[in-house]
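The values are calculated or read from the model by the stated rules, or taken from the named source; none is laboratory data. This one's a predicted model, so the numbers in the text were calculated from it and none came from an experiment. No Cβ is skipped: glycine too gets one built from the backbone with ideal geometry, and neighbour counts run over all protein chains shown.
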Amino acid sequence: MRFNGKVYEALVSTFERRRPLDLYHSALVVHVPEGRYTIESAPVPNADAQARGGVAGGPVGSRWAGHLRIFRYEIRCWLDGVIPDLGEAVDSPQRLTEDEASSRRVLSLAPHVPTPVWGRDELQAGEMWNSNSLISWLLVRSGLEVESVSMPSGGRAPGWDAGIVVARRPV
């Protein structure tokens with residue numbers, strides 16, 4: 001994913017006539033009395049989604065290719081889940097709330113997040129849908145202040161605004 005991100009950003013920055021920026025992948029860690037949940041979007045490594053807290057998923061790149069596991073992503077809401085690249089996180093963690101009711105709303109919404117084709121703008125939000133869209137959608141729909149999230153300087157989180165746009169649409 002890191003290599004693909006660099007290639008993607010090199011192409012986009014050339015097209016937009018600007019210098020390449022670092023790309024960021026968003027995830028959430030939600031603490032409730034019974035434990036710590038990890039919420040993220042990731043590739044599907046095998047058929048055992050339940051073991052990873054898989055609650056939803058969709059195709060990557062193209063709907064027709066989505067019948068192959070290598071072209072699918074899953075949404076994980078995983079008790080004691082692991083974010084493999086957490087050690088490389090920039091400007092993290094950011095505490096968004098300590099309110100248990102807000103945390104439970106985030107957890108309850110995870111299985112209901114939209115699952116359009118990853119990397120496309122099927123929802124006509126103005127940019128592609130990806131892991132950043134998932135997280136911003138959850139924050140907006142749960143009532144948390146998405147504007148309080150600060151993005152690291154020198155980079156960008158493609159898809160972040162797509163989640164906000166889609167979450168603010170009437171249900």
Identify all residues within the range 145-166 that are among the small types (Gly, Ala, Ser), in a helix (DSSP H, G or I) and within 13 Å of the chain's Cα centre (by Cα); write none if there are none. Ala162, Gly163
If you take the residues of the range 30-42 that are more than 12 Å from the chain's Cα centre (by Cα) and not charged (D, E, K, R), which of them is surrounded by the fewest Cβ atoms within 10 Å (Cβ to Cβ)? Pro33
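For the range 87-97, check the following and say yes or no: at least one residue is modelled with pLDDT under 95, small (Gly, Ala, Ser) and under 18 Å from Pro43 (Cα atoms).
Scanning the range 87-97, I find no residue that is modelled with pLDDT under 95, small (Gly, Ala, Ser) and under 18 Å from Pro43 (Cα atoms), so the answer is no.
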Pairs only if they're at least six apart or on different chains, beta carbon under 6 angstrom, first in the range 124-143 and in contact (Cβ under 8 Å) with a residue 40 or more places away in the chain and closer than 22 Å to Arg72 by Cβ, second assigned to a loop (DSSP other than H, G, I, E, B) and not hydroxyl-bearing (Ser, Thr, Tyr); list them, first residue then second. Asn130/Gly159; Ser131/His25; Asn132/Ala157; Asn132/Gly159; Leu134/Val113
Would you check which residues across the range 82-95 are surrounded by fewer than 19 Cβ atoms within 10 Å (Cβ to Cβ) and either closer than 13 Å to Ser131 by Cβ or of a type outside the set (Val, Ile, Thr) (or both) and list them? Pro84, Asp85, Leu86, Gly87, Glu88, Ala89, Asp91, Ser92, Pro93, Gln94, Arg95
Test Ala51 against the criterion of being out of contact with any helix residue (DSSP H, G or I) (no Cβ under 7 Å at 6 or more places or on another chain) and more than 21 Å from Leu139 (Cβ to Cβ), and give yes or no. yes
List pairs: first residue in the range 1-29 and closer than 15 Å to Gly119 by Cβ and surrounded by 11 or more Cβ atoms within 10 Å (Cβ to Cβ), second residue modelled with pLDDT of 75 or more and basic (Lys, Arg) anywhere in the structure, Cβ distance under 8 angstrom, at least six positions apart or on different chains. Leu23/Arg156
When residues of the range 98-118 are limited to those that are among the small types (Gly, Ala, Ser) and buried (at least 18 other Cβ atoms within 10 Å of the Cβ), the one nearest to Val32 (Cα to Cα): Ser103
Out of the residues in the range 144-171 that are among the small types (Gly, Ala, Ser), free of Cβ contacts under 8 Å to residues at least 60 places away in the same chain and in contact with a helix residue (DSSP H, G or I) (Cβ under 8 Å, 6 or more places away or on another chain), which is farthest from Pro43 (Cα to Cα)? Ala167
Yes or no: the range 147-155 includes at least one residue that is more than 20 Å from Glu88 (Cα to Cα) and either among the small types (Gly, Ala, Ser) or surrounded by fewer than 22 Cβ atoms within 10 Å (Cβ to Cβ) (or both). yes
Could you tell me whether the range 54-61 includes any residue that is surrounded by 11 or more Cβ atoms within 10 Å (Cβ to Cβ), in contact (Cβ under 8 Å) with a residue 60 or more places away in the chain and in contact with a Leu (Cβ under 9 Å, 6 or more places away or on another chain)? no
Tell me the residue from Ala125, Ala162 that is farther than 14 Å from Ser26 by Cβ, crowded, with 20+ Cβ neighbours inside 10 Å and of a type in the set (A, V, I, L, M), please. Ala125
